[in-house]
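> Quick one: structure below, then a few questions.
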Amino acid sequence: MPSSVPGHMSGVYLTGHGDFEQLQYRTDIPVPSPGRGEVLIRVAAAGINNADINTRIGWYAKSVRGATGETAGEIEADKESSWSGASLNFPRIQGLDCCGTIVTVGDGVDASRIGERVLVRPLQSRNDSADPCAFVTFGAEMDGAFAEYTKVESRQAVSINSDWSDVELASIPCAYSTAEGMLTRANAGAERILITGASGGVGSAAVQLAKRRGAEIIAVTTEAKAADVEALGASRIVHRGDSLLSALGQNSVDVVLDLVGGSQWPELCDVLRTGGRYVTSGAIAGPIVELDLRTLYLKDLTFIGSTHQADDIFTNLITYIEREEIRPVVAGTYPLHEIVRAQQDFLTKRHTGKLVLVPPAA
């Protein structure tokens with residue numbers, strides 16, 4: 001590798017499933033060497049997501065039934081602790097969101113890519129599977145962005161031409177691709193859309209991206225965050241915990257984008273119109289819900305799960321950024337070595353948008 005690239009770097013190892021003690025900030029992690037078809041990226045900023053915390057605590061295991069952030073230390077030996085259902089190999093460098101610059105390339109990659117500013121796809125399609133929905137998660141099944149350097153396949157590092165800061169760009173990949181994937185799967189357009197968890201990373205992204213499609217947006221959030229969410233494009237706010245049925249009435253929305261789940265979930269089916277669509281990509285309040293099958297079939301509802309993303313979801317986002325059709329929502333930044341404090345603040349849910357980690361300067 002070039003002499004400008006050191007042999008070792010700072011970063012955060014996840015050493016196993018559990019609480020914050022499983023996150024170890026180190027300064028002696030070997031810098032990865034890009035293989036054939038790969039690029040090495042100097043990480044400029046890395047966003048924090050629910051998925052980082054849920055992976056650390058093992059929340060994706062089927063044995064877990066509680067809300068996110070509540071299961072630390074319970075399932076260390078569980079085999080279903082990642083998005084794909086596979087067990088993780090430790091130590092692992094997490095971090096789904098990466099903004100950075102390509103500093104060197106492996107064999108088969110044009111050297112002209114060196115110096116490009118890029119965003120990394122968090123969900124990366126696999127070349128070694130016949131399953132069209134197969135993917136690898138950056139920062140889970142492979143090392144991610146919570147370090148000074150990371151490597152990925154060249155095709156997964158997408159060039160970006162924008163005057164946004166590195167921190168602003170790092171708020172985009174996971175949250176906005178998740179939200180755009182949900183809207184795409186639901187074929188959402190200029191309709192009445194209800195978005196739960198609307199002040200979080202994915203929720204605030206969904207409000208902007210649904211507004212971009214011409215939707216009338218009803219957002220569920222706290223009273224303290226209502227003004228923030230309205231500024232992003234919501235037409236109406238329902239305060240978290242209030243009855244959706246009382247506030248909106250039966251059969252009143254076309255599409256539900258749900259990131260929350262939990263005990264209030266049945267009301268989402270009640271407010272959907274006949275023939276309405278429900279799409280989910282999260283369960284912040286808990287993954288186990290009660291479904292009255294009569295509501296499902298008598299109202300001809302369509303239920304959609306949304307995780308896998310076609311490659312154009314991410315490249316479309318790049319276009320939206322470059323055209324200034326969306327804007328970042330960054331609530332705070334932290335140096336990488338303060339990852340524990342950052343995740344503790346994240347779990348309080350007092351912020352709107354994203355929290356972002358910044359590695360040491362080059």
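Only the coordinates and a few stated rules stand behind these numbers; no lab work does. Just so we're clear, the structure is a prediction, and the values are computed from it rather than from any experiment. For neighbour counting, all protein chains shown are included, and Cβ atoms are generated from backbone atoms with ideal geometry for every residue, glycine included.
> I'm a student and want to see the number: the projected area of the Cα convex hull of the range 177-305, averaged over all directions, in nm².
One quarter of the hull surface, i.e. the mean projection, equals 6.6 nm².
> Next up: Report the far tail of the P(r) of the range 125-212, meaning the percent of Cα-Cα pairs longer than 16 Å.
That fraction is 66 percent.
> Also, quick follow-up: For a 32 Å ceiling on Cα separation, which of these pairs sit above it: 151/225; 211/349; 62/349; 151/211; 62/354?
151/225; 151/211
> From Cα coordinates alone, what are the radius of gyration and Dmax values for the chain in angstrom?
Expressed in Å, the Cα Rg and Dmax of the chain come to 20.1, 67.
> With the chain treated as a Gaussian network of Cα nodes joined by springs under 10 Å, which of 134, 215, 45 yields the largest mean-square fluctuation?
For the chain, modelled as a Gaussian network with Cα springs under 10 Å, the answer is 134.
> Tally Lys and Arg at +1 and Asp and Glu at -1 over the other residues with C-beta under 13 Å from the C-beta of residue 181: what net charge comes out?
-1
> Residue 340 versus residue 8, label points 7 Å from Cα toward the beta carbon: distance in nm?
The two pseudo-label positions are separated by 2.1 nm.
> While we're here: Of the peptides 160-171, 192-203, 135-146, how do they stack up when ordered by the mean number of other Cβ atoms within 10 Å, highest first?
192-203, 135-146, 160-171
> Quick query: amide H of residue 281 versus all other amide H atoms, modeled in the peptide plane; which residues come in under 5 Å with a sequence gap of 5 or more or a different chain?
258
> Strictly greater than 22 Å: what percent of every Cα pair in the range 255-346 meets that?
Counting pairs separated by more than 22 Å, the tail of P(r) holds 54 percent.
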